[in-house]
Structure formats: C-alpha cells, structure tokens
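Reviewing the structure listed below.
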Amino acid sequence: MPRAIWSGSLSFGLVNVPVQLVSAVRDRDVHFRQLHEKDGAPIETRRFCAKEDAEVSFEEIGRGFETDNGKQVILTDEELAAAAPRKSRTIDIEAFVDADDLDPLLLDHPYVLLPAGETDGVRRAYRLLADVLAGNDRLALGRFVLRAKEHLVAIGVRDGLLSLTTMRFPDEVRPAKDVDGSSRKKPTPAALKATVEVIEALSTDWDPARYEDQHRRRLLAAVKQAERTAEVPEEREERTPTAPADLMDTLKRSLSEAREKQKAGR
C-alpha cells in the first residue's frame with residue numbers, strides 16, 4: 001500500500017468527502033550516485049558564492065528574480081510568504097466538464113484519491129461521487145495546495161476509484177503555431193493511401209503487457225555485468241534519424257514489414 005502524501009477533504013456543493021492522496025505511478029528509473037572515479041568516494045553538492053568563492057550555509061541564501069531588463073530583484077522571506085497560497089486541507093471542486101473536452105497536454109501527474117475513514121457515511125459519499133462521474137463521463141475540475149503550490153486538478157474515475165491528475169495551466173502549453181515545423185505542401189493521394197495501409201497493418205488491440213522499458217532492462221543488465229566483471233559495457237552506437245530519400249519506397253517497405261510481422265504474430 002503506497003503512503004498517503006496528503007489528506008483532507010473533497011468538497012463539492014455542501015458535500016465534503018474525507019480523502020487521502022497517493023501517487024498512482026511509481027518511479028522505475030534506474031538511479032545512479034555520482035562518485036569520484038579515482039577512489040569511488042561519493043560526490044557532494046555544496047553552495048558557493050560566486051563573488052567570494054566561499055561556501056554559503058542554507059540560512060544565508062536568499063531568493064532573486066531576474067527581470068526582462070536583466071535587473072535582479074531580491075525578495076525577502078516575508079514577501080515570499082505573503083505570495084504563497086493559503087494552506088488548505090480541501091480540494092474545492094469548481095466545475096464539471098466532459099472528459100473529451102480536456103486537452104491531454106494539460107494533464108501532468110496522476111494520483112489516486114482514497115476514502116479517509118471507515119464509516120458508512122464516508123464510504124457512501126465517496127462511492128456516490130465516483131459512480132456519478134463514471135456514469136456521466138465527466139471530470140471534476142478543482143484546486144488544492146500540495147507542497148506549498150496551488151494546483152489545478154482534474155478528478156475522474158479509474159477502476160472504480162477516484163483519480164486526481166494535476167494539470168498545467170493553459171498558458172504553460174505552447175501554441176501549435178509556435179512549434180509547427182511541418183511542410184505546408186499537401187501529400188499526394190498515393191502517399192496518403194500508402195500511409196493509411198501501413199497504419200492499418202500495424203493496428204492492434206491495446207495490450208500493456210507487450211510494452212517494456214527496454215532502456216531500464218539494458219541498464220540493469222549492464223549493472224549486473226559490471227558487478228561480475230567490474231568492466232564498463234561498450235557504448236552502443238546511436239543511429240541518427242534521417243528523412244527518407246524516397247517516401248513512397250519507404251512506405252511500401254514499411255507496409256511489407258508490417259504485414260510480415262502480422263503473419264509472424266498469427
């Protein structure tokens with residue numbers, strides 16, 4: 001059972017449901033410590049003043065903001081505290097929206113909301129909200145404070161439990177026109193048809209068991225190999241992706257390979 005990182009209540013209208021927040025995902029990255037290569041001693045991070053070239057204690061560190069004209073503005077602890085969000089133990093639901101209307105780019109980190117209490121009243125209120133959201137394909141939008149930061153959140157239902165996903169604010173998402181680097185030339189009908197055929201040949205039912213973090217698997221294998229031999233594994237040559245010289249020829253070969261994989265799968 002994952003540890004609860006927040007507890008409070010979920011509020012909509014006059015209804016308050018005591019809940020606790022747990023992360024819906026787990027960190028499976030392979031983490032390494034920085035060591036001195038010569039003797040294997042751990043590397044420490046220390047804070048130094050660039051002007052005095054002297055180590056600075058945490059208590060001596062202030063907060064500065066660089067303005068557009070390059071000026072440094074120093075903020076005191078009192079000024080930062082005045083701007084901090086008011087600590088609250090409530091997730092205030094402000095609105096309900098259709099799930100399909102929410103842009104996936106706005107979604108950030110997923111959590112699970114669990115009922116905080118064993119009483120029948122808490123369980124009934126929790127189940128009522130979960131059933132209503134699931135039955136109407138709606139998401140609840142609200143706000144709450146986690147780790148001294150106010151978050152916009154979307155609350156839905158996953159496997160019968162209330163799910164909470166922190167969201168990015170709309171102005172954090174770059175407009176498509178700012179990152180669009182695609183060609184304005186329309187593809188030919190033949191290229192469109194060939195691409196659809198490749199997509200159809202590669203289409204399958206979603207099966208999460210088919211997908212594995214291969215980079216993590218290779219890292220763990222390298223760790224085991226290094227533990228046995230104390231040798232650094234050879235570097236893998238990285239292929240630089242390039243645009244196909246002949247798009248139609250590439251599509252035809254892709255379709256052929258996709259059909260071969262389908263036959264092998266059968």
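Worth a mention:
- Of all residues in the stretch 196-226, exactly one satisfies the criterion of being farther than 23 Å from ALA264 by Cβ and among the polar types (S, T, N, Q), namely GLN225.
- Selection status of PRO42, under 30 Å from ALA222 (Cβ atoms) and out of contact with any His (no Cβ under 6 Å at 6 or more places or on another chain): yes
- Qualifying residue in the stretch 123-133 (condition: under 20 Å from ILE5 (Cβ atoms), in contact with a helix residue (DSSP H, G or I) (Cβ under 9 Å, 6 or more places away or on another chain), touching a residue at least 24 places away in the same chain (Cβ under 8 Å) and assigned by TED's automatic domain parsing to the domain that holds ALA99): no
- Yes/no for ALA116 being surrounded by 17 or more Cβ atoms within 10 Å (Cβ to Cβ) and free of Cβ contacts under 8 Å to residues at least 60 places away in the same chain: no
- All of (1) among the aliphatic types (A, V, I, L, M); (2) surrounded by 10 or more Cβ atoms within 10 Å (Cβ to Cβ); (3) more than 30 Å from LEU220 (Cα to Cα); (4) not assigned by TED's automatic domain parsing to the domain that holds ASP120 hold for ILE74 with one exception: (2).
- Top-ranked residue in the stretch 86-103 [being more than 23 Å from the chain's Cα centre (by Cα) and not in a strand (DSSP E or B); ranked as modelled with the highest pLDDT]: ARG89
- Only a single criterion out of (1) of a type in the set (Asp, Glu); (2) modelled with pLDDT of 90 or more; (3) outside any strand (DSSP E or B) is not satisfied by GLU59, namely (2).
- Residue selected from the stretch 221-248 under the condition surrounded by fewer than 11 Cβ atoms within 10 Å (Cβ to Cβ) and assigned to a helix (DSSP H, G or I), by the criterion modelled with the highest pLDDT: LYS224
- Whichever residue in the stretch 111-148 is part of a strand (DSSP E or B) and aromatic (Phe, Trp, Tyr) and, among such residues, is farthest from the chain's Cα centre (by Cα): PHE144
- Which numbered condition VAL198 fails, given (1) modelled with pLDDT of 90 or more; (2) touching a Leu at 6+ places or on another chain (Cβ under 6 Å); (3) hydrophobic (A, V, I, L, M, F, W, C): (1)
- Inter-residue pairs, beta-carbon under 8 Å, first over 22 Å from ASP77 (Cβ atoms) and in the stretch 49-60, second at pLDDT below 90 and in a loop (DSSP other than H, G, I, E, B), 6+ apart: none
- The sole residue among ASP27, ASP92 that is loosely packed, with under 10 Cβ neighbours inside 10 Å and either within 30 Å of GLY135 (Cβ to Cβ) or without any contact (Cβ under 8 Å) to a residue 40 or more places away in the chain (or both) is ASP27.
- Condition check for ALA209: part of a helix (DSSP H, G or I) and either among the hydrophobic types (A, V, I, L, M, F, W, C) or over 30 Å from ALA81 (Cα atoms) (or both): yes
The values are calculated or read from the model by the stated rules, or taken from the named source; none is laboratory data. Bear in mind the structure is a predicted one, so any value in this text is a computation, not a measurement. No Cβ is skipped: glycine too gets one built from the backbone with ideal geometry, and neighbour counts run over all protein chains shown.
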